[in-house]
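Data first, discussion second: the structure below is written as structure tokens.
A short reminder: the numbers here are calculations on the coordinates, not readings from a lab. Predicted model, so just to flag it, every value in this text is computed and none were measured. Here the Cβ positions follow ideal geometry from the backbone for every residue, glycine too, while neighbour counts run over all protein chains shown.
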Amino acid sequence: DTEVTQTPKHLVMGMTNKKSLKCEQHMGHRAMYWYKQKAKKPPELMFVYSYEKLSINESVPSRFSPECPNSSLLNLHLHALQPEDSALYLCASSQLGTGNTDTQYFGPGTRLTVL
Amino acid sequence: GENVEQHPSTLSVQEGDSAVIKCTYSDSASNYFPWYKQELGKRPQLIIDIRSNVGEKKDQRIAVTLNKTAKHFSLHITETQPEDSAVYFCAAAAGNKLTFGGGTRVLVKP
């Protein structure tokens with residue numbers, strides 16, 4: 001398996017809902033990432049996990065809560081989101097862990113709409 | 001932190017012509033410079049990358065050049081085809097942290 005997969009593809013949620021985004025890779029990559037991409041903008045880094053530990057948090061609001069249950073899985077738990085959080089959420093992975101620069105491979109993303 | 005500027009924001013070329021996209025970065029610690037192509041509704045896909053110990057790299061119709069002293073790097077696409085139409089992002093990385101440029105929307109007219 002040479003791809004990063006994400007579920008669901010689309011998600012619509014209310015501001016009081018709790019939902020989760022899921023990302024999976026089976027390439028043995030040691031680093032996994034969450035990005036947020038608004039329309040016509042570049043991806044913006046949110047979180048980096050290296051060897052299943054959170055290594056970078058780009059000052060993301062606490063209504064976004066990442067979790068890395070094992071080396072292949074990355075979740076993003078969502079709670080009390082705002083309409084401005086509507087965006088494409090991209091997961092990525094790279095072979096090497098913290099401090100090492102390496103190619104990042106992106107998943108197809110989850111398009112999130114917050115009503 | 002790192003800041004990546006990308007120009008132009010839009011680029012329209014005739015099929016068969018060349019396209020050039022330029023980026024500058026601010027952090028001298030950045031040592032890896034990938035280019036991604038993103039088609040509408042799709043994931044960013046790596047098309048070429050270059051590391052700071054290399055000045056130029058070519059892969060078929062695509063080439064990237066890097067000037068570390070000036071903190072500039074550029075993407076060159078020759079013999080453009082309609083399927084090259086997409087948004088292209090440059091990026092600069094130090095460690096795991098990847099910072100993207102603002103993107104260039106390329107339209108190749110048949």
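Here are the numbers for this structure:
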quantity	calculated
Estimated translational D of the range A:62-115 in µm²/s (Stokes, Kirkwood radius over Cα pairs; 25 °C; 0.890 mPa s)	190
Within the protein assembly as shown, percent of DSSP bridges classed antiparallel, to nearest 5	90
J(HN,Hα) series, the range B:70-81, from Karplus relation 6.51 cos²θ - 1.76 cosθ + 1.60, nearest Hz, glycine and proline x	8, 6, 10, 8, 9, 10, 10, 10, 9, 6, 4, 10
Calculated on alpha-carbon atoms, Rg and Dmax of the protein assembly as shown in Å	17.6, 52
Within a Gaussian network of chain A (alpha carbon springs, distance under 10 Å), most fluctuating of A:K22, A:K40, A:K53	A:K40
Cα convex hull of chain B - mean projected area over all directions, nm²	6.5
Across the protein assembly as shown: Cys residues that no other cysteine approaches within a C-beta distance under 4.7 Å	A:C68
Sequence of A:M32, A:M13, A:M46, A:M27 once ranked by neighbouring C-beta atoms within 10 Å, starting from the fewest	A:M27, A:M13, A:M46, A:M32
Number of partner chain Cβ atoms within 10 Å, mean per residue of B:100-109	2
Karplus-derived 3J(HN,Hα), 6.51/-1.76/1.60, for each residue of the range B:16-33, Hz, glycine and proline x	x, 7, 9, 10, 10, 10, 10, 9, 10, 10, 10, 8, 5, 7, 5, 9, 9, 9
Rg to Rh, two decimals, where chain A supplies the alpha carbon set and Rh follows Kirkwood	0.95
Cβ-derived FRET efficiency at R0 22 Å, B:S18 paired with A:A39, nearest 0.05	0.15
FRET efficiency, 1/(1 + (r/R0)^6) with R0 30 Å, evaluated for A:S62 and B:D27 via beta carbons	0.60
In the range A:1-99, the chymotrypsin sites (Phe, Trp or Tyr not before Pro) that fall in loop regions by DSSP, at most 12 other Cβ within 10 Å	A:Y51
Residue-count net charge about B:D27 - beta-carbon cut-off 10 Å; Lys, Arg +1, Asp, Glu -1	+1
Convex hull volume of the range B:24-82 per residue (C-alpha atoms, cubic angstrom)	97
Within chain B, percent of DSSP bridges classed antiparallel, to nearest 5	90
Relative contact order (%) - criterion: Cα under 8 Å, at least six apart; region: chain B	37
